[in-house]
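**Q** If you scroll down you'll find the structure; I have some questions about it.
The values are calculated or read from the model by the stated rules, or taken from the named source; none is laboratory data. Since the structure is predicted, the reported quantities are computational estimates derived from the model, not experimental observations. Glycine also receives a Cβ, built like all others from the backbone with ideal geometry; neighbour counts cover every protein chain displayed. Areas reflect the complete protein model, heavy atoms only, side chains present, ligands, DNA and RNA absent. Shrake-Rupley method; radii C 1.70, N 1.55, O 1.52, S 1.80 Å.
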Amino acid sequence: MKILVIDDSAVMRRIHRNILKERGIADQDIIDAEDGQVALEIAAKNTIGLFLVDWNMPRLDGLDFVHRVRAMESYAKTPIIMITSEAARYNVVEAIQAGVTNYVVKPIKGEALIEKIGKYLDA
Amino acid sequence: MQVKYVNPFLNASVRLFRDHLGLRVESGKPFLLQDPQALYEVSGIIGLAGETRGAVVLSFGRETAIRIVSRFAGQEFVALGNEVLDGVGELINIIAGNAKQDLLEFRIQISLPGVITGNSYKIHWPEGVPVVCIPFSCEFGPFSVNVSLKDIA
């Protein structure tokens, strides 16, 4: 299963990649994107089984990405985990309404993140 | 600017640096920054917009920035390169985003972070709004979180 990690911070992308690798995900199954626009292009050319997406990004932010990718028939039910610093309740509601499967507030320890997303990795 | 607007940023900073990164962080008493440009060498800035407006700036000395971002990234950095600056941006992003959960009076949008370095840069703070400095110390050196947020009219 391919996992697409979408975050404009290179440090965050590396942190997520390391967490996934520690969980046993092969390096080649983890794809990076620095914004939602790049992620859409990658999603169109690959079969992604899980999206980990930040909210605040340049060009196309995480919320708009979720709207756009959910409109693609092949990703109507693919798990999308939003991992963001946006901790306000209204942000969570907005993200869920857009179609995210689960919402995780940064910062989060590796083991806590795996606990949240483990069931999608094993699916 | 009301004191109650400072606490969410103080609490978010303590959660990040003490609880998440495991640093021995002590916060000092917040004070009005008389010289709004009196910051350390490396600063991450985020603009706040929506039902209020303002800015929040996380400011470190160079070595403190390198060591704290190394802890955050789980990787040892030795110089103030792009990844450290990226990490500073992510840290201020986390503080601002997390503070929103306690700023219940208004809906806020946070900007993308910017990071500036040097000894003589100038921050364009919101005009006419005081800047409150929250000083911190930890084993990697001192740093500060500086908040300027317009009161609700």
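**Q** Scan the stretch B:130-153 and give yes if some residue there is surrounded by fewer than 22 Cβ atoms within 10 Å (Cβ to Cβ), closer than 20 Å to A:Asp61 by Cβ and either of a type outside the set (S, T, N, Q) or under 16 Å from the mean Cα position of the chain (by Cα) (or both), otherwise no.
**A** no
**Q** Report, by residue number, each residue of the stretch A:1-15 that is within 12 Å of another protein chain (Cβ to nearest Cβ) and either crowded, with 19+ Cβ neighbours inside 10 Å or not aliphatic (A, V, I, L, M) (or both).
**A** Across the stretch A:1-15, the qualifying residues are A:Asp7, A:Asp8, A:Ser9, A:Val11, A:Met12, A:Arg13, A:Arg14, A:Ile15.
**Q** With the structure loaded, tell me whether B:Gly114 is open to solvent by 10 Å² or more (accessible area, probe 1.4 Å) and among the small types (Gly, Ala, Ser) or whether it fails that test.
**A** Judged against the criteria, B:Gly114 is a match.
**Q** Return the total of residues in the stretch A:83-123 being surrounded by fewer than 19 Cβ atoms within 10 Å (Cβ to Cβ), closer than 18 Å to A:Gly36 by Cα and either in contact with a Gly (Cβ under 6 Å, 6 or more places away or on another chain) or modelled with pLDDT under 95 (or both).
**A** The total comes to 0.
**Q** A further question on this structure: List the residue pairs whose Cβ atoms are under 6 Å apart, where the first residue sits in the stretch B:19-41 and is open to solvent by less than 30 Å² (accessible area, probe 1.4 Å), the second is among the aliphatic types (A, V, I, L, M), and the two are 6 or more positions apart or on different chains.
**A** Cβ pairs passing all conditions: B:Leu33/B:Val131.
**Q** Cβ-Cβ below 6 Å, separation at least six or inter-chain, first residue in the stretch A:102-117 and more than 14 Å from chain B (Cβ to nearest Cβ) and in a helix (DSSP H, G or I), second open to solvent by 30 Å² or more (accessible area, probe 1.4 Å) and among the charged types (D, E, K, R): which pairs?
**A** Partner pairs satisfying both residue conditions: A:Ile114/A:Arg23.
**Q** Looking at (1) open to solvent by less than 10 Å² (accessible area, probe 1.4 Å); (2) farther than 26 Å from B:Leu112 by Cα, which is the one condition that is false for A:Ala26?
**A** Going through the list (1) open to solvent by less than 10 Å² (accessible area, probe 1.4 Å); (2) farther than 26 Å from B:Leu112 by Cα, A:Ala26 breaks only (1).
**Q** Of all residues being basic (Lys, Arg) and in contact with a helix residue (DSSP H, G or I) (Cβ under 7 Å, 6 or more places away or on another chain) in the stretch A:43-69, which is least open to solvent (accessible area, probe 1.4 Å)? Just the residue, please.
**A** Within the stretch A:43-69, the match that is least open to solvent (accessible area, probe 1.4 Å) is A:Arg68.
**Q** Does B:Ser111 satisfy the criteria of being closer than 18 Å to B:Phe60 by Cα, within 15 Å of the chain's Cα centre (by Cα) and of a type in the set (S, T, N, Q)?
**A** So B:Ser111 does not fit the description; no.
**Q** Anything in the stretch A:29-39 that is aliphatic (A, V, I, L, M) and surrounded by 21 or more Cβ atoms within 10 Å (Cβ to Cβ)? List them, or say none.
**A** A:Ala33, A:Ala39 - these are the residues of the stretch A:29-39 that are aliphatic (A, V, I, L, M) and surrounded by 21 or more Cβ atoms within 10 Å (Cβ to Cβ).
**Q** Got at least one residue in the stretch B:79-89 being within 24 Å of A:Gly62 (Cα to Cα), within 13 Å of the chain's Cα centre (by Cα), in contact (Cβ under 8 Å) with a residue 60 or more places away in the chain and open to solvent by less than 30 Å² (accessible area, probe 1.4 Å)?
**A** no
**Q** Are any of the residues in the stretch B:94-109 within 13 Å of another protein chain (Cβ to nearest Cβ), farther than 18 Å from B:Asp35 by Cα, open to solvent by less than 20 Å² (accessible area, probe 1.4 Å) and among the acidic types (Asp, Glu)?
**A** no
**Q** Hey, does the stretch B:7-18 have a residue that's more than 14 Å from the chain's Cα centre (by Cα) and either part of a loop (DSSP other than H, G, I, E, B) or under 18 Å from A:Pro107 (Cα atoms) (or both)?
**A** Checked against the condition, which is being more than 14 Å from the chain's Cα centre (by Cα) and either part of a loop (DSSP other than H, G, I, E, B) or under 18 Å from A:Pro107 (Cα atoms) (or both), the stretch B:7-18 yields at least one hit.
**Q** Next question, about the same structure. Give just the number: which of (1) within 12 Å of another protein chain (Cβ to nearest Cβ); (2) free of Cβ contacts under 8 Å to residues at least 60 places away in the same chain; (3) more than 13 Å from the chain's Cα centre (by Cα); (4) open to solvent by 10 Å² or more (accessible area, probe 1.4 Å) does A:Asn18 not satisfy?
**A** (2)
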